[in-house]
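Report on the structure given below.
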Amino acid sequence: MVLHAPRIVVVGGGPAGLMAAESAVAAGATVDVFEGKASVGRKFLVAGKGGLNLTHADPFERFVQRYGARAEPVARWLRAFDAGALRAWAKSLGVETFVGSSGRVFPSDLKAAPLLRAWLRRLRASGVSIHARHRWSGWREEGSLAFDTPAGPFHAQADAVVLALGGGSWPQLGSDGAWVPWLRAHGVEVADLAPSNCGFDVAWSAPFAQRHAGAPLKRVVARAVDADGHAHEQAGECVVTATGLEGQLVYALSAPLREALAAHGTARLVFDLVPQRSADELAARLARPPGSRSLTEHWRRSAGIDPVRAGLVIEALGREGARDPAAVARVLKALPVDLLRPRPIAEAISSAGGVAFDALDEHLMLRNLPGVFCAGEMLDWEAPTGGYLLTACFASGRLAGAAAANWARASHGAKAVANRRSQAPH
């Protein structure tokens, strides 16, 4: 008896969903991808506007530690499809990559669009069908998938399903978290979505915010303490905004800061604004006679303190306190900045929370919904920027797509045997 190829429906056309489609069709399935927006890969393209950071050249053990508390389960995905495999995959699409000075990996032309176009050509050539403007709205009573389309309601049957619906960041591109109540209604444990790789609000004074919004803080070190009292340190740069702080350094510390705020209602960043100099050296330089120069011009000439750093010192000490060179040196080496709250999830680069790992088996199938698999950012993990987010999305999609095809094929075989037995003469 010849069995038909199992039909897999992938809901979501981001990197995880498209990789799930590729691995499912490679495993012999017929695959349909349904995307709510007018085209697939929208967040992928926007993320690549400043240069597509595809992955990172960290050694594997250091790479997986970037996933924090979820390092162990994510490592299982990455052992099958790691950064090297992702670079080889890009090369198979005709896209060469290079390692930047920070270890980040980029396409040679830095662009996302050529890679996505080549990928879509290969997917369509392999038989994957892509249906845009099909927004998933849950399940119908008989178990089919329901979609809203410009032409009206549509439903689809599948032998297995991969959900790759993203988290809650950048909802205008499709990741709006609308799926959360539908999975919870089926008994699936889903942690509340929260902003990750996000900025934070700070109660700047109006003069400081007006004068320094948009100013970068380069070559600084920041320390934070998480909800359990563990210290985290990050070097890099960030940007002062009218409402607070954002940028790479702050994003890298967003998880412990967010957790401290949730647990204690308060979180603090402590900045070393001049890591290349000691407090004693700074105090000695600042104690030199300023002559006719203004205080901040004296700081700039004697110790290289730029206007935004000077503004932060005055914000912390006040004008009178800032006349004490030793106090200024101490604040330059340990500037406390109290955070009020994360910026809204819609502004975040990514999100934390999502489908709990305990709700999934080792193949990313939902225990409460056999035949339904999940991949990508809708799972409860997070990582800093630097290529780690994309790599895990690709790797989880690859695992879920192949597993869905294999599960559907085994289910088909079991059904065929059962049907033959029921039709055999007694």
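The residue that is surrounded by the fewest Cβ atoms within 10 Å (Cβ to Cβ), among those in region 41-62 that are assigned to a helix (DSSP H, G or I) and under 15 Å from the mean Cα position of the chain (by Cα), is V46. Residues in region 63-81 that are in contact (Cβ under 8 Å) with a residue 24 or more places away in the chain and either in a helix (DSSP H, G or I) or surrounded by fewer than 18 Cβ atoms within 10 Å (Cβ to Cβ) (or both): 9 in all.
Residues are listed down the side, and each one gets a yes or a no for (1) surrounded by 21 or more Cβ atoms within 10 Å (Cβ to Cβ); (2) at pLDDT below 95:
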residue: D358; (1), (2): no, no
residue: A375; (1), (2): yes, no
residue: L379; (1), (2): yes, no
residue: A400; (1), (2): yes, no
residue: N406; (1), (2): no, no
residue: N419; (1), (2): no, yes
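The C-beta contact set for region 115-133 (first residue assigned by TED's automatic domain parsing to the domain that holds A20, second residue assigned to a helix (DSSP H, G or I) and of a type in the set (F, W, Y), distance under 8 angstrom, 6+ apart or interchain) comprises L116/F44. V355 meets all of the listed conditions (1) over 25 Å from the mean Cα position of the chain (by Cα); (2) assigned by TED's automatic domain parsing to the domain that holds P181 but one, namely (1).
Conditions (1) assigned to a strand (DSSP E or B); (2) farther than 19 Å from S205 by Cβ; (3) touching a residue at least 40 places away in the same chain (Cβ under 8 Å); (4) not small (G, A, S), marked per residue:
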residue	(1), (2), (3), (4)
A235	yes, yes, yes, no
R258	no, yes, yes, yes
L269	yes, no, yes, yes
R293	no, yes, no, yes
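Residues that are part of a loop (DSSP other than H, G, I, E, B) and basic (K, R) within region 100-117 comprise just one, K111. Residue count for region 362-403 under the criterion of being more than 25 Å from G48 (Cα to Cα) and of a type in the set (S, T, Y): the result is 0.
Remark: pairs (first residue in region 10-30, more than 11 Å from A405 (Cα to Cα); second residue at pLDDT 95 or above and of a type in the set (S, T, N, Q); Cβ separation under 7 Å; 6+ apart in sequence or on different chains) = A16/S396. One residue stands out in region 83-99 among those that are exposed (fewer than 14 other Cβ atoms within 10 Å of the Cβ) and not in a strand (DSSP E or B): the one that is nearest to the chain's Cα centre (by Cα), namely G84. Filtering region 1-20 to residues that are in contact with a strand residue (DSSP E or B) (Cβ under 8 Å, 6 or more places away or on another chain), hydrophobic (A, V, I, L, M, F, W, C) and under 21 Å from G138 (Cβ atoms) leaves I8, V9, V10, V11, A20. State whether the residues of region 25-32 include one that is part of a helix (DSSP H, G or I) and either farther than 30 Å from S411 by Cα or at pLDDT below 95 (or both). Scanning region 25-32, I find no residue that is part of a helix (DSSP H, G or I) and either farther than 30 Å from S411 by Cα or at pLDDT below 95 (or both), so the answer is no.
Residues that are out of contact with any helix residue (DSSP H, G or I) (no Cβ under 9 Å at 6 or more places or on another chain) and either crowded, with 19+ Cβ neighbours inside 10 Å or not assigned by TED's automatic domain parsing to the domain that holds L335 (or both) do occur in region 227-247. Checked against the criterion of being of a type in the set (V, I, T) and within 22 Å of the chain's Cα centre (by Cα), region 332-342 contains not a single residue that satisfies it. Of all residues in region 239-252, at least one satisfies being without any contact (Cβ under 8 Å) to a residue 40 or more places away in the chain and either among the charged types (D, E, K, R) or in a strand (DSSP E or B) (or both).
Scanning region 186-233 for residues that are in a strand (DSSP E or B) and β-branched (V, I, T), we see that the one that is nearest to the chain's Cα centre (by Cα) is V190. Of everything listed in (1) under 30 Å from A404 (Cα atoms); (2) surrounded by 14 or more Cβ atoms within 10 Å (Cβ to Cβ); (3) modelled with pLDDT of 95 or more, the single unmet condition for T385 is (3).
The values are calculated or read from the model by the stated rules, or taken from the named source; none is laboratory data. Nothing here was measured: the structure is a model prediction, and the numbers come from that model. So basically every Cβ, Gly included, is an ideal-geometry build from the backbone, and we count neighbours across all protein chains shown.
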